[in-house]
Every structure is written in C-alpha cells, then in structure tokens.
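*Asks:* First the structure, which I've put down as structure tokens, then a few questions once you've had a look.
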Amino acid sequence: MSNPNNPPKEVRVFKADKQLQQKVGTGSLDEKTVERCQKVMDDNNVDFAPLAMEFLDKLDRAIKNAAAKDTPMEQSIQDMTNAVMQLKANASTFHYNLIGNMANVMLSFLENIKEIDADAVTIVTAHHQTLKAIVLKKMSGDGGPIGKQMEDELKAACNRYFAKRT
C-alpha cells in the first residue's frame, strides 16, 4: 500500500553499453588466461596504503561536509558512499579483506539511512578512524579475531542506530 507522505521512488532504467562486449567478444575465456590472471591477483604485493589513504581522505571530507551541512544531504550520503565503495572494491585486490568486509557493512548502513544526523556522523567517523588504523598498521587479511570483533562492533552500532529510529 502506498503512503501519500512517502511516495515510491521512480525506477530509472539504464541501457547497457555494449562497447566492452564489442571489444572483448562473447563466450568463455581460455582457462590458462584465467589462471595467469588469478596468479597475478594472488601474488599482488603493491602497497595499498597510499590508495587507501586517498579514499579515506575523500571519506573524511565527505563526513566533515555532512556534519557541517555544507552540502545537501543526498549529496553527502552519495559522497560518503562513493569513498566507501572504492575502499570496498579495492581492498580485496590488495589482500585487505577486513577493510572490504567493514566497507560492505558501511555501504549497507549508508544505503539505508534516511537522514544524516549526529549519530550517523558518529558511526561513519568511527568507521573512518578504524579503517585508517587498519591501513596504518598494515592489517592485511581478515584481521583474525580482532578483525571479526571490529566488524561485529560496526554491525552492532548500525543495528542500534536503526533500532533507535523504529
């Protein structure tokens, strides 16, 4: 049942761009090529810290703009989401699975908040500080039991946030 105070959002459909498909073709990939690519990914030893810090700086600016209400709320959420999405997308490539996992939790949070209030800013700020510490301490992998605890704490904070608002 639709709510007159909260009308459903209009769905926008984006037509797929076939350029990439035209360049690489269709069908299956050579198994040896896939294995070579996987080996390159597995043996990757590039330092993730400079790239991660670039995304964390973007997240920090987005948080500050949101807290100061310098940008419209939807833009603030989008700016934070973009920075977190970049962290999530790149983390596992560089063997930082904990960052990827925590960024995934934060993406879920940002996709579901209705407004940016002080509590939301606090949660995103804590997430930013945690990821920054992970990068600076070079905690690659899943972080073991400490990583699991950090991820669980972030989930719990997000759950408390939403429970408080229902």
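*Asks:* When a footprinting reagent is the concern and you count Cβ atoms within 10 Å, what order do 14, 109 take, fewest first?
*Replies:* Ranked by crowding around the Cβ, least crowded first: 14, 109.
*Asks:* Across 10 Å bins from 0, what is the distribution of all Cα-Cα pair distances for segment 46-164, in whole percents?
*Replies:* Answer for segment 46-164: a P(r) of 14, 50, 30, 6, 0 percent.
*Asks:* Using a cut-off of 15 Å between beta-carbons, work out the net charge of the residues near residue 89 (Lys and Arg +1, Asp and Glu -1, residue 89 not included). Let's see the in-between values first.
*Replies:* Working: positive: 58, 88; negative: 54.
It works out to a net charge of +1.
*Asks:* May I pose another question? Using only Cα atoms, find the angle between the long axis of helix 73-91 and the longest principal axis of the chain, and express it within 0 to 90 degrees, rounded to the nearest 10.
*Replies:* 30 degrees
*Asks:* Counting other C-beta atoms within 10 Å, and keeping those with at most 16, which DSSP coil trypsin sites (Lys or Arg not before Pro) do you find in segment 51-104?
*Replies:* Sparse-neighbourhood loop trypsin sites (Lys or Arg not before Pro): 69.
*Asks:* Now, a different point. Below 27 Å, Cα to Cα, which lysines can residue 132 reach? Residues fewer than 8 away in the same chain don't count.
*Replies:* 58, 64, 69, 88, 114, 148, 155
*Asks:* Next question, about the same structure. If you average 1/r over all unlike Cα pairs in segment 7-87 and invert the result, what Kirkwood radius do you get in angstrom?
*Replies:* That comes to 16.9 Å for segment 7-87.
*Asks:* Which whole-number percent is the relative contact order of segment 60-166 (Cα, under 8 Å, 6+ apart)?
*Replies:* 29 percent
*Asks:* Among rounded, prolate and oblate, which fits segment 101-166 when a ≥ b ≥ c are the square roots of the eigenvalues of its C-alpha gyration tensor, a/c under 1.5 means rounded, and a/b larger than b/c means prolate?
*Replies:* prolate
*Asks:* Between 33, 71, 122, find the one with the highest GNM mean-square fluctuation for the chain; connect C-alpha pairs within less than 10 Å.
*Replies:* Largest GNM mean-square fluctuation: 33.
Quick note: the coordinates plus some simple rules give every number you see, no bench work behind them. Computed from a predicted structure; not experimentally measured. Heads up, the Cβs are rebuilt from the backbone with ideal geometry, glycines too, and the neighbour counts pull from every protein chain shown.
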